[in-house]
Amino acid sequence: MEGNISYKKGIIIMIYVFAIIFMFFGISFSYFSARAKSENQALNTKSGKLNLSLEVASKYSGFKLIPTADEDIMKAYHQKCLDDNGNGACVAYDIIVSNDTARQDVVGTIDFNINHIENLSYIVLDEGENIYQDTVKINDKINNLPLGERFILENALETGIPTKKKFTLIIWLSNYDYDQDEDKNGSFTASVTYNSIYGQKLTSNVSGTEKGE
């Protein structure tokens, strides 16, 4: 009888020993797996860091604006933002967003700071002068307005050549069939901002004034 008891105790002890061994290897495997996964994530995060640049350059500006009919704005733009009488019909700025790292999703917004102007409008053209962002009327909302849909800047690491998107921002005073006293001698500034999905934020400013009489 005692032999059976001792035999059973021996088996139980062996089971505990093997259980401890398996547990040890299981814990060690989990630790090294977690460590390897953590290091891979760190590398992925590092390789995905954004390196964007933003250029905003005046194309047609430096003159005071008069109200312009919305339907004539492209004609005015092709006349360097001047109407048939040489008055300032709009202001235009070239925008270039460049990426020299991994593939990035980017979206642009614009915030306006308006002084004594109520009828400001804008559109955004792409590089082929197609309308990228249709006409936006700046009424009550003046912050976080769109510059167009989210776009992709392809991977530049493989080629070593930055990928770019070029846009043109056109701003004007919409003309209505009444005396627009609220726009006379007014002015505005605007902050052009591009954000990446990784949280980088790039901002540049533009400005303009109304021609009061």
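Summarise the accessible area of segment 123-180 (1.4 Å probe, protein heavy atoms) by the percent that is carbon and sulfur. Summing carbon and sulfur atoms, their accessible area is 44 percent of the total for segment 123-180. Once the chain from Glu154 to Ser191 is taken as fully extended at 0.36 nm per residue, the excess over their C-alpha distance is 10.8 nm. Accessible surface calculations at 1.4 Å, restricted to protein heavy atoms, place segment 48-132 at 46 Å² per residue. Taking 4 °C and 1.567 mPa s as conditions, segment 105-209 diffuses translationally at an estimated 85 µm²/s according to Stokes-Einstein applied to its Kirkwood radius (Cα pairs). The stretch between Asp83 and Ser58 holds 7.2 nm of extra length on full extension. This uses 0.36 nm per residue minus the Cα-Cα distance.
Taking amide H as placed 1.01 Å from N in the peptide plane, Leu82 has its amide H under 5 Å from the amide H of Ala89, each at least 5 places away in sequence or on another chain.
Counted residue by residue at 0.36 nm each, then reduced by the alpha carbon distance between them, the extension gain from Thr203 to His116 reaches 28.9 nm.
The values are calculated or read from the model by the stated rules, or taken from the named source; none is laboratory data. All values derive from a computational prediction rather than experimental measurement. When the accessible area is computed, the model is the full protein with side chains, heavy atoms only, and any ligands, DNA or RNA have been set aside. Shrake-Rupley method; radii C 1.70, N 1.55, O 1.52, S 1.80 Å.
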